[in-house]
Amino acid sequence: MAYDLCLVRTAVHPFEVKPVCTEVYTIEELCYIFYHNPDLADDTVMGAPLCDWVKQELGLERLSASLRSQIMRNDSAGSIILSIFREVGYLSGDELRSFSELLNRLDAQPQAVKRKRYGDALARNRMYAKAARVYMELLDDQENKSLGAQFYADVRNNLGSVYAAQFRYREAAGFYYQAWKTGKKRDCLRRYLSTLPLFLSDEAYQEKLKEEGIDTEFARSVQERNAQICRKAGASAEAERILQSGLPDYLKKQRDLWRKSMAG
Amino acid sequence: MQTSNDLILGIDLQEDYTQLTYYHASVKEPVTLGLAPGRGKLPGALYVDGNRKWGFWDKEQTAAAGEVQVIDHIYAKVDRQEKITAAGREWSAEELLEQYLRQCIELVRMFRKEGSSLYVMVTVPALTGVWSGCIVSALEKIGLPRKNIYMQDHLTSFYYYAVNQKKNTWTQDAALIEYEKGEIRGYILHIDSASRPRLATVEKVSAQKLTEEMREGRPQDAWDKEKDRLFFEFLKRVFEHRNVSVSYLTGDFFSKEWAERSIQYLCYKRQAFQGQNLYSKGACYAAIERTGLIPDRGILFCGNDVVRSNLGMEVRIRGKKQYYPLVNAGINWYEAYHVCELIPDGTSNLCLVSKPVGEGEPVTHLLRLDGLKNRPNRTLRLRLTIYFTGAGCCRIEAEDLGFGQIVPSSGKTWVRNIQIA
């Protein structure tokens, strides 16, 4: 249990963390985004505009100068993040050490893995259009054979999820199918089966199961589980609240989130 | 005393006049200012002309000012929260006080340098909620930040005046003697050196009515003798069973012309001083101490309106855990006010600790931040506001500021009133 005293002022003009289209007004918000998404700290974030914002809006002249020097020296994004964390004291000594080790491990990974992680971070932050583009670029450039088929199967699986989040179920099903065929993971099959009924008629769905030789019992269990999840969500207190009095606000919020997720 | 480019003012507001004492790098000791040399009292009245230009109403200087409206008894009007109509509009008591204090601050405008700060301590005979609200509101409208505004009553100003004189004058008790509304009043400042920190108190020990009605037709010399006798008896009551090393007489009521025997007694083995600006100087000294130009002397003044506990929290400042004071003991509860922003990590409660000065154990106070389901950790930025509603009654307000676009504010504010010793 602890309380972080906020000593740095709140900015009048925000800084936009471009990969996630999120504006931040405080150094704590910036630290939070970097801590939970270190992969997003790319050139669009770590640049002169960040240094200017830190100086002019937050009044942190020393940190701004330090960041500027690091950027000029082409220091890694991880070391720049750590500089910011140290200035604010965002992490304890032990936490800072652990996080630094994590950043070092991530930084040592192959470029394709880093790009996938970047796409994963975008997807986690609902930036689906951007995530899809990153995954597609990876699939178009499958030069790094040493990463193995499973890596690209995972990319296809994630691309499927991103399309599903955009309600593009036919495309999602296509990528889930490829992921299942190349990676052989049962989870990919489950997702594939979950997506099919969202754009196929019952008859077409049954035809597809026969065509692919998929175990009907397994397919039935997947659909039953999905139905159970939907029933539980529909019966929740939150759903009740939304239906009773919060539907317009909820729909507006979802529309805004969707528009933001398609940005890009 | 260290020097500073900041300007520090002590303003003593009284019913019939005001006194202004300032301190600045250009002077060694606080200096009392008036409208003209030798006239240390400022009028308790204002004038306003048709163009809404305000000024002190001093009959001698402004008689030729032309058509103006005079607003007298400013103190009484503010005390009664009376509205007035002037220059074509209605003015609230706060606005009236604002205009009056503007005139006071205008007198020291030449001492203000660019980039320097202005600190003001206002002292009044008795500090009430009405006065504290009006003073803060008026000075904020003039442009002073809240943290530069201080207030205290006359007895507190007496304490600060006394302890800023030579140390040998207050190693024993100090007496304050004033004449107010037909009564001589005696107060004793006592500092308990056995406690840590040392505790200072001022208490009223005696009073003697002394009005013209009591003259009962006596000729002047007989009346002077009677006044002297009454004053002498009064002083005996003030000093009995006490070690008083110094006495301060305020105002111009006391005079050797009629108090010959009393003053001889007063000065026997004691120092005695008479003056007119004790409260405004004391106010100025108090403001100087608040700005840190006088080192802490290790004495806590236990006035009626003083907060007697330290209130704080354990927080992380730049990653290091340390005690963060929210309200320090020794300040007037009307002034006790603190705002800060913090982000809880791993908890949905606010935990504050109060510790009485002197004896007493620390007490932990919990404010539960209910109704924040599923809030991700470290995304709750709180504005914490602390103020007092009485000498021992503290109000804590915590407002959810949200976390930018990451997590919007819930709009909730949590409030708790706590009693501290």
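The values are calculated or read from the model by the stated rules, or taken from the named source; none is laboratory data. Since the model is a prediction, treat every value here as computed from it, not as a measurement. With ideal geometry, Cβ positions are generated from the backbone for all residues, glycine too; neighbour counts draw on all protein chains shown.
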Practice problem: Pick out the one residue from A:Leu106, A:Leu67, A:Leu58, A:Leu91 that is assigned to a helix (DSSP H, G or I), closer than 23 Å to B:Arg316 by Cβ and of a type in the set (A, V, I, L, M). | Solution: A:Leu67
Practice problem: Considering only segment A:37-76, state which residues are free of Cβ contacts under 8 Å to residues at least 12 places away in the same chain and under 19 Å from A:Cys21 (Cβ atoms). | Solution: A:Asp43
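Specify the residue that is modelled with the lowest pLDDT; the eligible residues are those in segment B:344-396 that are assigned to a strand (DSSP E or B), of a type in the set (D, E, K, R) and under 31 Å from the mean Cα position of the chain (by Cα). Spell out how you get there, then give the answer.
Filtering segment B:344-396 for residues assigned to a strand (DSSP E or B) gives B:344-345, B:349-356, B:363-368, B:382-390, B:393-396.
With of a type in the set (D, E, K, R) added as a condition, the list becomes B:345, B:355, B:368, B:383, B:395.
Okay, now just the ones that are also under 31 Å from the mean Cα position of the chain (by Cα), so B:355, B:383, B:395.
Values: B:Lys355: 92, B:Arg383: 97, B:Arg395: 95.
By that ranking, first place goes to B:Lys355.
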Quiz item: Which of (1) surrounded by 19 or more Cβ atoms within 10 Å (Cβ to Cβ); (2) out of contact with any helix residue (DSSP H, G or I) (no Cβ under 8 Å at 6 or more places or on another chain); (3) touching a residue at least 24 places away in the same chain (Cβ under 8 Å) is the odd one out, the single condition B:His73 does not satisfy?
Solution: (1)
Quiz item: Residue check: is B:Glu335 part of a loop (DSSP other than H, G, I, E, B) and buried (at least 16 other Cβ atoms within 10 Å of the Cβ)?
Solution: yes
Quiz item: Inside segment A:10-38, can you point out the residues that are buried (at least 20 other Cβ atoms within 10 Å of the Cβ) and in a helix (DSSP H, G or I)?
Solution: A:Pro19, A:Val20, A:Ile27, A:Glu28, A:Glu29, A:Leu30, A:Cys31, A:Tyr32, A:Ile33, A:Phe34
Exercise. Just give me the residues in segment B:307-332 being more than 14 Å from chain A (Cβ to nearest Cβ) and part of a loop (DSSP other than H, G, I, E, B), in sequence order.
Key: B:Val307, B:Arg308, B:Asn328, B:Ala329, B:Gly330, B:Ile331
Quiz item: In this structure, does A:Glu171 turn out to be acidic (Asp, Glu) and buried (at least 17 other Cβ atoms within 10 Å of the Cβ)?
Solution: yes
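Look through A:Val20, A:Val54 and report the one residue that is out of contact with any strand residue (DSSP E or B) (no Cβ under 7 Å at 6 or more places or on another chain) and within 13 Å of another protein chain (Cβ to nearest Cβ).
Values: A:Val54 fails: within 13 Å of another protein chain (Cβ to nearest Cβ).
Only one candidate passes the filter, namely A:Val20.
Collect the residues in segment B:137-178 that are among the β-branched types (Val, Ile, Thr) and over 16 Å from B:Ile8 (Cα atoms), keeping them in residue-number order.
Here is the first cut: in segment B:137-178, the residues among the β-branched types (Val, Ile, Thr) are B:142, B:149, B:156, B:163, B:169, B:171, B:177.
Matches in segment B:137-178: B:Thr156, B:Val163, B:Thr169, B:Thr171, B:Ile177.
For every residue, the table says whether it meets (1) more than 28 Å from B:Gly330 (Cβ to Cβ); (2) without any contact (Cβ under 8 Å) to a residue 40 or more places away in the chain.
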{"residue": "B:Lys83", "(1), (2)": "yes, yes"}
{"residue": "B:Gly88", "(1), (2)": "yes, yes"}
{"residue": "B:Ala93", "(1), (2)": "yes, no"}
{"residue": "B:Val124", "(1), (2)": "no, no"}
{"residue": "B:Ile135", "(1), (2)": "no, yes"}
{"residue": "B:Met151", "(1), (2)": "no, no"}
{"residue": "B:Ser157", "(1), (2)": "no, no"}
{"residue": "B:Asn168", "(1), (2)": "no, no"}
Quiz prompt | Test result for B:Ala175, crowded, with 23+ Cβ neighbours inside 10 Å, part of a strand (DSSP E or B) and in contact with a Lys or Arg (Cβ under 9 Å, 6 or more places away or on another chain) | solution = yes
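Can you find even one residue in segment B:289-306 that is away from chain A (no Cβ under 14 Å), within 30 Å of B:Leu118 (Cα to Cα) and in a helix (DSSP H, G or I)?
Just the residues of segment B:289-306 that are away from chain A (no Cβ under 14 Å), to begin with: B:289-306.
From the residues that got through so far, the ones that are within 30 Å of B:Leu118 (Cα to Cα) too are B:289-306.
Imposing the further condition that a residue be in a helix (DSSP H, G or I) reduces the set to B:289-290.
Among the residues of segment B:289-306, at least one is away from chain A (no Cβ under 14 Å), within 30 Å of B:Leu118 (Cα to Cα) and in a helix (DSSP H, G or I), which makes the answer yes.
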Practice problem: Could you list, in sequence order, all residues of segment B:25-47 that are at pLDDT 90 or above and more than 18 Å from B:Tyr160 (Cβ to Cβ)? | Solution: B:Leu42, B:Pro43, B:Gly44, B:Ala45, B:Leu46, B:Tyr47
Quiz item: Tally time: how many residues in segment A:244-260 are surrounded by 12 or more Cβ atoms within 10 Å (Cβ to Cβ) and of a type in the set (D, E, K, R)?
Solution: 2
Quiz prompt | One residue from A:Ser79, A:Ser92 being within 14 Å of another protein chain (Cβ to nearest Cβ) and among the polar types (S, T, N, Q) | solution = A:Ser92
Quiz item: Taking strands (runs of 3 or more DSSP E) that fall entirely within segment B:180-279, which contain at least 2 residues that are free of Cβ contacts under 8 Å to residues at least 60 places away in the same chain?
Solution: B:183-192, B:198-209, B:271-275
Self-check item: Near pairs, Cβ below 6 angstrom, 6+ apart or cross-chain, from segment A:126-139 (among the small types (Gly, Ala, Ser)) to any residue that is surrounded by fewer than 23 Cβ atoms within 10 Å (Cβ to Cβ)
Solution: A:Ala129/A:Met262; A:Ala129/A:Gly264; A:Ala131/A:Ala123
